[in-house]
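Undergrad: First, the structure itself, so that you have it in front of you.
The values are calculated or read from the model by the stated rules, or taken from the named source; none is laboratory data. These figures come from a predicted structure and were not determined experimentally. Neighbour counts are summed over all protein chains in view; Cβ atoms, including those assigned to glycine, are modelled from backbone coordinates with ideal geometry.
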Amino acid sequence: MGLVQRQIEAAGISTIALSMIPDLTWSVGVPRLAAIEHPFGLTLGRPGDRDAQTAVLRAVLRALKEMQSPGSVTNLPFAWPESGGKSPYHPAEPPPIGKYLVRHPWLYPRLLARNIPEVAE
Amino acid sequence: MTPQVDSYRFLDTLSRRMVKSWIGLDKPQDIPWTPLRKPLEDCTVALISTAGIALKTDRPFDQEGERRNPWWGDPSYRVIPREATERDVRVYHLHINPSFAEQDLNCVLPLGRLSELEADSEIGHVADSHYSFMGFILRPQVLLEETTPAIIRGLQTEQVDVAILVPV
């Protein structure tokens, strides 16, 4: 996503990422980054929580307006009270890559090195 | 001072190790920059989501392809019109729980909230078209060389000034 953002910015459109993994997004070199500590699938907030969703969107737009230099980061002040862990934030069916690496653990270093095979063994 | 966001709080063990490993792989490079050229109140704004959202009337993202070859991810994109709601879409990303977005699309693609900011004149216009593709594309060549340029052409055609990228 960070690489896509870079291309859009380079094409003359002002961009900002709302990222839940800001360390990773930042490492790619994105122009503007608003970091938020929300669970996956709930980037803006819970279903039906209009006020929270609006507050996040407003904060992103404010950050965009205020950022003056490439690589700017803002940590948004929205706390998520529950602890992490498995459900309900993870999919009911584990992602294909997770299941695959349980059966092919010797390929795990290739994922970590982002040395990705073209086809599955 | 706002505390720094913890990138790892909601990640499982595998993803945590993967993210930590990947962070070291990208060399620092020049960061592109397009300054905001006009007040937000005059800007046209588009949203881009990696949730793999498609209209129910549109072609589904290829989940089976990723299940057959977990190193692969569908690199195509779909256009989501500004009036779309959770009733009109399906969410195909295999790495998240899609049920929140399927209850309320604003959880990942806040078109409703953005329209309210337009009505309040906090932004100029909501773009007619918004975009979604699948997250977790491990080999991003097609995404970067075909999909992204096509999205950029769409943004430029609609004279979009601001794109908000929303990963999931």
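Undergrad: When you look at A:Leu57, is it in contact (Cβ under 8 Å) with a residue 24 or more places away in the chain, under 30 Å from B:Gln63 (Cβ atoms) and not in a strand (DSSP E or B), yes or no?
TA: Details: in contact (Cβ under 8 Å) with a residue 24 or more places away in the chain: no; under 30 Å from B:Gln63 (Cβ atoms): yes; not in a strand (DSSP E or B): yes.
No, not satisfied.
Okay, residues lined up against (1) out of contact with any helix residue (DSSP H, G or I) (no Cβ under 9 Å at 6 or more places or on another chain); (2) crowded, with 17+ Cβ neighbours inside 10 Å; (3) among the basic types (Lys, Arg):
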residue: B:Val5; (1), (2), (3): no, yes, no
residue: B:Lys20; (1), (2), (3): no, no, yes
residue: B:Gly24; (1), (2), (3): no, no, no
residue: B:Lys27; (1), (2), (3): yes, no, yes
residue: B:Gly52; (1), (2), (3): no, yes, no
residue: B:Thr57; (1), (2), (3): no, no, no
residue: B:Trp72; (1), (2), (3): no, yes, no
residue: B:Ile80; (1), (2), (3): no, yes, no
residue: B:Glu83; (1), (2), (3): no, no, no
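Undergrad: Here is a further query. Determine if segment A:59-69 includes at least one residue that is assigned by TED's automatic domain parsing to the domain that holds A:Gln7 and either at pLDDT below 95 or among the β-branched types (Val, Ile, Thr) (or both).
TA: Taking segment A:59-69 first, the residues assigned by TED's automatic domain parsing to the domain that holds A:Gln7 are A:59-69.
With the extra rule that they be either at pLDDT below 95 or among the β-branched types (Val, Ile, Thr) (or both), the set shrinks to A:60.
For segment A:59-69, residues assigned by TED's automatic domain parsing to the domain that holds A:Gln7 and either at pLDDT below 95 or among the β-branched types (Val, Ile, Thr) (or both): present.
Undergrad: Turning to a different aspect of this structure: Restricting attention to segment B:96-126, which residues are of a type in the set (Gly, Ala, Ser) and either surrounded by 24 or more Cβ atoms within 10 Å (Cβ to Cβ) or assigned to a helix (DSSP H, G or I) (or both)? Spell out how you get there, then give the answer.
TA: Applying the first criterion (of a type in the set (Gly, Ala, Ser)) to segment B:96-126 yields B:99, B:101, B:112, B:115, B:119, B:121, B:124.
Within segment B:96-126, B:Ser99, B:Ala101, B:Gly112, B:Ser115, B:Ala119 meet the criteria.
Undergrad: Check B:Arg68, B:Arg16, B:Arg87 and return the single one that is among the basic types (Lys, Arg), closer than 21 Å to B:Leu114 by Cβ, surrounded by fewer than 16 Cβ atoms within 10 Å (Cβ to Cβ) and out of contact with any Gly (no Cβ under 6 Å at 6 or more places or on another chain). Walk me through how you get there before you give the answer.
TA: Numbers: B:Arg68 fails: closer than 21 Å to B:Leu114 by Cβ; B:Arg16 fails: closer than 21 Å to B:Leu114 by Cβ.
The unique qualifying residue is B:Arg87.
Undergrad: A further question on this structure: I need the full set of residues from segment A:25-54 which are over 18 Å from B:Val126 (Cβ atoms), without any contact (Cβ under 8 Å) to a residue 12 or more places away in the chain and basic (Lys, Arg), in order please.
TA: Across segment A:25-54, the qualifying residue is only A:Arg46.
Undergrad: Go through segment B:5-29 and give me each residue that's more than 7 Å from every other protein chain (Cβ to nearest Cβ), of a type outside the set (D, E, K, R) and under 19 Å from A:Gly98 (Cα atoms).
TA: B:Tyr8, B:Leu11, B:Thr13, B:Ser15
Undergrad: Suppose we keep only residues that are free of Cβ contacts under 8 Å to residues at least 40 places away in the same chain and not charged (D, E, K, R) within segment B:85-96. Which one would you say is farthest from the other protein chains (Cβ to nearest Cβ)?
TA: In the first step, residues of segment B:85-96 are kept if they are free of Cβ contacts under 8 Å to residues at least 40 places away in the same chain; the result is B:85-90.
Of the ones still in play, those that are also not charged (D, E, K, R) are B:85, B:89.
On the way: B:Thr85: 12, B:Val89: 14 Å.
By that ranking, first place goes to B:Val89.
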